[in-house]
1. What residue, among those in region 262-303 that are of a type in the set (Gly, Ala, Ser) and surrounded by fewer than 19 Cβ atoms within 10 Å (Cβ to Cβ), is modelled with the lowest pLDDT?
2. Among the numbered criteria (1) closer than 28 Å to residue 298 by Cβ; (2) at pLDDT below 95, which single criterion is violated by residue 207?
3. Do the conditions hold for residue 148, that is, is it over 11 Å from the mean Cα position of the chain (by Cα), more than 22 Å from residue 234 (Cα to Cα) and surrounded by fewer than 21 Cβ atoms within 10 Å (Cβ to Cβ)?
4. Please go through region 122-142 and pick out each residue that is of a type in the set (A, V, I, L, M, F, W, C) and either outside the structural domain of residue 231 (by TED's automatic domain parsing) or in a loop (DSSP other than H, G, I, E, B) (or both).
5. Can you work out which of the residues in region 197-244 that are under 20 Å from residue 97 (Cβ atoms) and small (Gly, Ala, Ser) is surrounded by the most Cβ atoms within 10 Å (Cβ to Cβ)?
6. Taking the condition out of contact with any Leu (no Cβ under 7 Å at 6 or more places or on another chain), at pLDDT 90 or above and within 17 Å of residue 90 (Cα to Cα), does residue 126 pass?
7. Give me a count of the residues in region 194-222 that are more than 25 Å from residue 258 (Cα to Cα) and touching a strand residue (DSSP E or B) at 6+ places or on another chain (Cβ under 7 Å).
Amino acid sequence: MQKYTGQGESCNSRQPLQLNFRSISVLADFLTTSEVAEYLRIKERTVYELVRTRRIPCSRVTGRLIFPKTMIDAWVRLHIDYEGPAVAPAPPVIAGSHDPLLEWAVRESSSDLALMSGGSSDGLQRLERRQAVAAGLHVVNPANGDYNRSFISGAARWGDLVLIHWAWRDQGLVVAPNNPHRIQSIVDLSRPGITIACRQEGAGSQILLRHLLEQADVPYQKLSFLEPALRTETDLAAVVLDGKADCGLAIASAARRFRLGFVPLRRERFDLAMNRRDYFEGPLQRLLWFTRRAEFSAYASALGGYDVAKTGEVIL
């Protein structure tokens, strides 16, 4: 067997590389020794040494050394010496609070996005750790009644964030059909025998519930809550329908979907927070373009409790 000596590029000088048009097309994503040296900004003899010691991906299948460009890129990333914040692309996931209209739009828009509903606080944390490209938020500022801006104002260290308006939603108490307990306000939750379904801590609905109870001077600790906490609007409405809870704070569309009663309390703004760079990438752009189509407005109207007149506008 002929040994590779590192002298010249050919592994076998008696068999020169023969390429036709089809070969050139197939090898378009491969680099020669001189090309990979230029690409990495190193000397060719360094490339040969890396090949000799099997420390760089290459192939001799054509009779000459060729280097798959995608594998060279991966090889460079594997050798990064860095301890700062994550810089890898975030996965195509929208974390944060659950929204039925967003869930439908992600599925119908062919955006290649996925949802991970864990609440507004969890979503913002995942955005910080680059575990998501966006986070759904609906967090009220008790001081001024505004939504989401103050919630992300302390996140400047997490990158160049933008806030995109998704929808205004009607928020209130989901109750059993015909409202047998005659629940009319947040104060009625303190009545004996009322079992309340609630969302997980950090969810926008749970933050709002605590705020409304504080405004009404109703002690949170004295209320009767169903365990465990629920992660989506749909889950909350389902337990009310099943009779496991008498009510819970959720949006109007959840009550309408399950043919439940609804006591409106507040109009809230649901937004999507994202890094400015990710905003211009394909997945989020496909989702936002889909919101301009007539079927998006029609579906929002069918769900009930939505105002999507300003969907896609930049809030911050």
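1. Going through region 262-303, the residues of a type in the set (Gly, Ala, Ser) turn out to be 273, 282, 294, 297-298, 300-302.
Still in the running and surrounded by fewer than 19 Cβ atoms within 10 Å (Cβ to Cβ): 282, 294, 297-298, 301-302.
Values: 282: 91, 294: 96, 297: 97, 298: 97, 301: 97, 302: 96.
The extreme case among them is 282.
2. Only one criterion is unmet by residue 207, namely (1).
3. Details: over 11 Å from the mean Cα position of the chain (by Cα): yes; more than 22 Å from residue 234 (Cα to Cα): yes; surrounded by fewer than 21 Cβ atoms within 10 Å (Cβ to Cβ): no.
So residue 148 does not fit the description; no.
4. Step one: list which residues in region 122-142 are of a type in the set (A, V, I, L, M, F, W, C), which gives 124, 127, 132-135, 137, 139-140.
Hits for region 122-142 are 132, 133, 139.
5. 203
6. On the way: out of contact with any Leu (no Cβ under 7 Å at 6 or more places or on another chain): yes; at pLDDT 90 or above: yes; within 17 Å of residue 90 (Cα to Cα): yes.
Taking the combined requirement at face value, the residue satisfies it.
7. Total satisfying the criteria: 1.
Residue-wise test of (1) at pLDDT 90 or above; (2) buried (at least 17 other Cβ atoms within 10 Å of the Cβ); (3) touching a helix residue (DSSP H, G or I) at 6+ places or on another chain (Cβ under 7 Å); (4) not in a helix (DSSP H, G or I).
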| residue | (1), (2), (3), (4) |
| --- | --- |
| 24 | no, no, no, no |
| 27 | no, no, no, no |
| 34 | yes, no, yes, no |
| 37 | yes, yes, yes, no |
| 42 | yes, no, no, yes |
| 49 | yes, no, no, no |
| 61 | no, no, no, yes |
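The values are calculated or read from the model by the stated rules, or taken from the named source; none is laboratory data. In this text the structure is predicted, and so the values were computed from the model without any measurement. So basically every Cβ, Gly included, is an ideal-geometry build from the backbone, and we count neighbours across all protein chains shown.
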